[in-house]
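The values are calculated or read from the model by the stated rules, or taken from the named source; none is laboratory data. None of these values were measured; they are calculated from a predicted model. All Cβ positions, glycine included, derive from the backbone under ideal geometry; neighbour counts span all protein chains shown.
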Amino acid sequence: MLLPLPALAAQVPVACNNTVTDDETLNAAVAASAVGDELVISGPCLINSTVRLRGQRAYRGGEPSGTVIRQANGANLAALLASDTWLDVATFTGDPVSVKNLTLEGNPTNNTGRATDGIVLMSWNSTVENTRINNMRGSGIRLTNTNSAGTPIVNTQVNGRIVHNFISDSGVHGVHVQDSGNSVTDWDLIDNWIADSGVSAIRLENSAGWKVRGNHLYGVGQTAIVAQRLFGTTISDNYIEGFGEGTTAGTWAGIGATVQGDAASVISDNKIFNFGGEPNTASRYHYLSISQVNYGTGFVSVTGNAIRGIGSTRSTGLNYEKGGGTALTITSTGNLVTGVTTARNVGTGVTVTAGQ
């Protein structure tokens with residue numbers, strides 16, 4: 001007895017014409033595609049509505065400079081690309097998507113009415129790779145547990161990868177993980193270049209299980225890497241050229257973290273500088289800061305980091321505080337700290353050891 005073969009995934013060519021009907025062409029191709037299909041986009045594409053990312057499909061260009069998806073004048077979109085579940089106000093995460101080899105252009109001068117994001121993902125086990133995201137008034141990539149109506153999902157959104165992208169000139173964050181619950185965990189953020197972010201290059205509102213490794217960050221308005229709720233988190237081998245370069249005064253960090261009271265996390269082998277100086281005289285600069293234990297006792301290994309400040313009186317190399325938590329235990333060893341007024345600040349209730 002012969003059984004029917006399953007349908008084979010197909011490459012679906014989608015050709016744009018650099019007209020404002022391109023989003024209709026793209027979305028029609030997405031709607032007609034089957035599970036497992038790869039939509040191969042050629043451009044330039046000009047869009048005035050968001051391109052829907054249906055799950056269990058791949059979306060790619062040939063080479064990023066050859067497939068440019070540009071926001072049309074006056075479109076004022078929430079996002080250029082977005083998960084279908086986010087657009088459809090679902091309360092569960094979407095199926096996996098893969099986005100690669102594209103350029104997204106926000107065209108902010110001609111879209112002043114909204115903080116447009118490049119990609120909004122509300123899909124688990126997804127990948128964004130080798131994509132250039134330029135000139136968004138919002139964030140370059142936003143992973144969110146909250147749909148477009150502001151309602152959070154009821155399940156988890158785990159196991160994705162954001163790898164080898166170039167994100168530049170974001171009005172808010174380069175990469176923003178928005179998580180009001182405990183959904184967006186256990187992703188990889190690896191080997192990205194993030195330039196000229198208005199607020200933070202990387203903002204993780206939930207960093208549990210994340211690997212943040214090998215990213216090159218520069219031109220950062222406030223804190224370069226915000227990592228809230230460390231829990232089995234690794235932040236390593238990142239190169240931070242500067243932070244706190246914007247006009248808003250505050251206490252800014254190269255790496256700024258808070259810690260959960262379970263598990264333990266690692267911050268290692270990062271290079272944190274301020275080549276552009278510490279330009280805001282009303283700000284304080286903490287090059288690596290753990291400022292809060294959210295509950296219980298936090299445990300973090302901080303080793304092998306290289307910190308070089310500019311010698312100002314407003315700078316601290318390593319800042320360890322427990323905030324409202326019970327206690328904080330830090331293994332702090334092998335860190336190079338120079339060019340700062342205070343090499344290491346240890347708050348009340350913090351134990352610092354050299355490890356075993």
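What to note about this one:
- The residues on offer are L230, L204, L189, and the sole one that is touching a strand residue (DSSP E or B) at 6+ places or on another chain (Cβ under 6 Å), touching a residue at least 40 places away in the same chain (Cβ under 8 Å) and surrounded by 23 or more Cβ atoms within 10 Å (Cβ to Cβ) is L230.
- Residues that are touching a Gly at 6+ places or on another chain (Cβ under 6 Å) and surrounded by fewer than 19 Cβ atoms within 10 Å (Cβ to Cβ), drawn from the range 268-290: S268, D269, F275, G276
- Residue that is in a strand (DSSP E or B) and either touching a Pro at 6+ places or on another chain (Cβ under 9 Å) or within 24 Å of G219 (Cβ to Cβ) (or both), where the choices are I330, I267: I267
- Test: residue in the range 324-342 that is out of contact with any Gly (no Cβ under 8 Å at 6 or more places or on another chain) and closer than 23 Å to E205 by Cα: yes
- Which numbered condition S49 misses (of (1) of a type outside the set (D, E, K, R); (2) in contact with an Asp or Glu (Cβ under 8 Å, 6 or more places away or on another chain); (3) assigned to a strand (DSSP E or B); (4) within 27 Å of T151 (Cα to Cα)): (3)
- If you go through the range 185-198 and keep only what is in a loop (DSSP other than H, G, I, E, B), over 13 Å from N159 (Cα atoms) and touching a Ser or Thr at 6+ places or on another chain (Cβ under 8 Å), you end up with just G198.
- For the range 243-264, filtered to residues that are assigned to a strand (DSSP E or B) and in contact (Cβ under 8 Å) with a residue 60 or more places away in the chain, the residue that is farthest from W210 (Cα to Cα) is A253.
- Residue within the range 259-277 that is of a type outside the set (G, A, S) and modelled with pLDDT under 95 present: yes
- R52 basic (K, R) and touching a helix residue (DSSP H, G or I) at 6+ places or on another chain (Cβ under 6 Å): yes
- Conditions (1) modelled with pLDDT of 95 or more; (2) over 23 Å from G296 (Cα atoms); (3) outside any strand (DSSP E or B); number of the one not met by S312: (1)
- Residue satisfying all of: in the range 105-126; more than 16 Å from the chain's Cα centre (by Cα) and outside any loop (DSSP other than H, G, I, E, B); nearest to R142 (Cα to Cα) among these: E105
- Q228 meets the conditions (1) touching an Asp or Glu at 6+ places or on another chain (Cβ under 7 Å); (2) over 21 Å from V177 (Cβ atoms); (3) at pLDDT 95 or above; (4) of a type in the set (S, T, N, Q) in every case but one. The failed one is (2).
- No other residue among G219, G232 is at positive phi and not in a strand (DSSP E or B) apart from G232.
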